[in-house]
Every structure is written in structure tokens, then in C-alpha cells.
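Scroll down for the structure; my scribbles are underneath it.
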Amino acid sequence: MEFSNILVERKADIFIITINRPKALNALNSETLLELSAAFDQVKEDPTIRVVILTGSGEKAFVAGADIAQMKDMNPMEGRRFSQLGQETFRKAELLPQPVIGAINGFALGGGCELALACDIRIASDNAKFGQPEVTLGLTAGFGGTQRLPRLVGSGLASEILFTGEIIDAQEAYRIGLINHIYSKETLMDEALALAQKIAKRAPIAVQLTKSAIQRGSNTDLDSGLAYEAEVFGLVFSSEDQKEGCSAFVEKRPANFSGQ
Ligand code: DAK
């Protein structure tokens with residue numbers, strides 16, 4: 001598929017998706033969501049991709065939200081469809097076998113914050129800003145923010161962010177656990193790539209099963225999550241990489257994982 005609102009780039013095992021509407025601060029309209037959805041489908045079908053990095057183009061924004069110009073005149077049915085499209089697209093990121101790193105390079109507001117929340121790992125530049133300003137527009141968060149933000153930072157902090165629409169800076173986002181690391185904007189992508197490369201060197205099946213256990217566990221009770229973890233743990237023993245990884249340790253040599 002040809003993309004006009006996103007850029008995709010392959011760097012060895014790593015797939016970089018850049019939302020590319022800098023004139024609208026990378027706001028998500030339906031077309032951009034459809035392209036993002038197609039890119040996630042492409043990643044899912046390609047086992048040679050080990051890690052995905054998601055970022056925004058330009059100096060100012062990761063994603064400044066859902067496209068307000070498009071939403072302005074929506075009727076309720078169009079609103080519901082738009083919300084479903086965003087939710088389905090973001091869910092694809094979570095359900096990808098490969099880890100997704102959000103490299104948040106500026107404003108991550110509304111749908112942009114929600115897209116960041118759907119990434120497995122979030123790192124940000126020091127100029128990043130986060131918030132759910134929907135209530136300032138007479139809207140509710142519609143791409144998962146009311147569900148994922150409380151799960152990540154707790155109900156009290158999420159409620160304050162969602163009820164006030166206040167924007168927080170990278171330091172505050174770091175303090176509340178919304179992001180893992182803060183870097184200068186010049187080094188953010190290098191750091192994202194270094195993190196992606198570190199993950200890409202590990203046994204891919206083990207990494208992917210770990211992601212699936214984290215995802216499964218965050219949506220279930222502890223006992224069901226532990227039962228799933230035990231199944232996954234058993235399953236890795238069918239991989240060549242398990243034999244290689246454990247043998248390499250015993251033989252005191254570096255492991256050479258094949259992804260099988
Ligand atoms: N949508 C469309 N265009 C946007 C945009 C957005 N979210 N954000 C910025 N832009 C456009 C601006 O209109 C401007 O376009 P031109 O006037 O140049 O044509 C250009 O990007 C540059 O923006 P500014 O001139 O405003 O740049 P500043 O540096 O002065 O300000 C800003 C940056 C990020 C503080 C400001 O642009 C801003 O406040 N933007 C809006 C941020 C925001 O409120 N985002 C949340 C959007 S609401 C739902 C489904 C989804 C959602 C909700 C419900 N259901 C269906 C239920 C999701 C909602 C949202 O995400």
C-alpha cells in the first residue's frame with residue numbers, strides 16, 4: 001500500500017513508522033488511521049521485523065490529537081465509527097507480536113497521548129507534552145484514554161488529567177510513570193534505535209511471548225495471568241532459541257538466536 005500520511009522505514013530488524021502530517025502537527029484523520037492500521041498489518045505478517053518504533057515528523061509534535069477539523073461536523077454515527085477506527089488501530093499495536101516503542105518527540109495530546117499509551121514502551125524528548133484536552137473541546141477521550149491511562153498511572157492521576165484537560169511536561173510524565181526515559185530531542189531517535197536494537201538481539205520468540213503475557217495479564221485476574229505465563233513458559237521449550245540460549249550460557253559463549 002502507498003502511504004501519504006505516514007512514512008515507513010526499515011533499519012535492519014527494526015521498522016520505523018513516522019506519522020507525517022507536520023503542518024497539522026501530525027493530527028490523526030481517518031486516512032492516517034487507515035494507513036497506520038495497514039502498516040501494523042504489514043508488521044504483523046513480517047517475522048523478520050523484531051521491533052517497531054513509532055514517532056512523529058517535524059520539530060513540534062508526536063501527534064497533536066485526533067483531527068479536530070474532521071471531527072467538528074461529525075454526526076453521532078460518524079463519531080462512533082471514527083472512535084472505533086482509532087480504537088481498532090491502536091489495539092493492533094498492542095496485539096502485534098513485536099514490541100512497539102513510542103518515541104514521543106513533542107506534543108502527544110488527545111489521540112496522540114492515547115496512541116502513546118498503546119505502545120509497549122514510551123520514551124520522550126525533553127520538549128514532549130502530554131495531555132487529554134478533549135473536555136476543553138466538549139469531547140470525551142475516544143481512542144482508549146479512559147481505559148489505558150488509569151491502568152498505567154492509576155485512577156486518581158488519570159482522572160485529574162482527563163477531567164482538567166491540563167497539559168503536563170516530560171518531567172511530570174516521567175514522574176508519574178507515563179514515560180520510561182527523557183532524552184534531548186536531538187538524541188531521541190538514536191536512543192529509540194539503541195533500545196530497539198537491544199531488544200532485537202534477544203530471542204525473538206521469547207520476547208514476543210513475553211509481550212503476549214504482559215498484554216494478556218494486564219486484562220485479566222492474577223491467577224489467569226499466572227496460568228497463561230506458565231503455558232507460555234512451557235511453550236518456549238519447543239523453540240531452538242531456548243536450547244541455544246541455555247546451552248550458550250552453560251558453554252560460556254554468546255548465544256546466537258535464529259528466531260526459531
Ligand atoms: N487537529 C487538527 N489540526 C490541528 C490539531 C488537531 N488536533 N492540532 C494542531 N493542528 C493544526 C492547527 O490547526 C494549525 O493549522 P494551521 O492553522 O497552520 O492550518 C497547525 O496544526 C499548527 O498548530 P498551531 O498553530 O495551533 O501550533 P501551536 O504551536 O500554536 O500550538 C498546540 C500547538 C498543540 C498547543 C495546538 O495546536 C493545539 O492546542 N492543538 C490541539 C490539541 C488538542 O486539543 N488535541 C486533542 C484533540 S481531541 C472521539 C474520537 C477521538 C477523540 C475523541 C472522541 N469519539 C469519536 C468519541 C480524540 C480527540 C482528540 O484527540
With the structure loaded, tell me whether residue 43 is of a type in the set (Val, Ile, Thr), away from the ligand (no atom under 11 Å from the Cβ) and in a helix (DSSP H, G or I) or whether it fails that test. yes
Take the stretch 244-260 and flag every residue that is among the charged types (D, E, K, R) and under 12 Å from residue 203 (Cβ atoms). 244
Quick check on residue 6: is it touching a helix residue (DSSP H, G or I) at 6+ places or on another chain (Cβ under 9 Å), crowded, with 23+ Cβ neighbours inside 10 Å and modelled with pLDDT of 95 or more? no
Selection from the stretch 53-95 of residues touching a residue at least 60 places away in the same chain (Cβ under 8 Å) and either within 22 Å of residue 120 (Cβ to Cβ) or small (Gly, Ala, Ser) (or both) yields 53, 54, 55, 62, 65, 66, 79, 83, 94, 95
The stretch 23-34 residues that are polar (S, T, N, Q), paired with ones that are within 7 Å of the ligand (Cβ to nearest atom) (beta carbon under 6 Å, 6 or more apart): 26/61; 29/67
Please note which helices (runs of 4 or more DSSP H) are completely contained in the stretch 144-259 and include at least 3 residues that are hydroxyl-bearing (Ser, Thr, Tyr). 155-164, 204-218
Note on the stretch 40-84: residues crowded, with 17+ Cβ neighbours inside 10 Å, farther than 14 Å from residue 139 by Cα and among the hydrophobic types (A, V, I, L, M, F, W, C) are 40, 43, 49, 51, 52, 53, 54, 61, 62, 63, 64
Restricting to the stretch 50-105, count the residues that are within 9 Å of the ligand (Cβ to nearest atom), among the charged types (D, E, K, R) and more than 20 Å from residue 130 (Cα to Cα). 3
Do we have any residue at all in the stretch 117-139 that's among the hydroxyl-bearing types (Ser, Thr, Tyr) and within 12 Å of the ligand (Cβ to nearest atom)? yes
Could you tell me which of the residues 144, 112 is farther than 20 Å from residue 21 by Cβ, within 10 Å of the ligand (Cβ to nearest atom), within 13 Å of the chain's Cα centre (by Cα) and crowded, with 18+ Cβ neighbours inside 10 Å? 144
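The values are calculated or read from the model by the stated rules, or taken from the named source; none is laboratory data. Note that the structure is a prediction, hence the values are computed from the model and not measured. Reconstructed Cβ throughout: ideal geometry from the backbone, glycine too, with neighbour counts over all protein chains shown.
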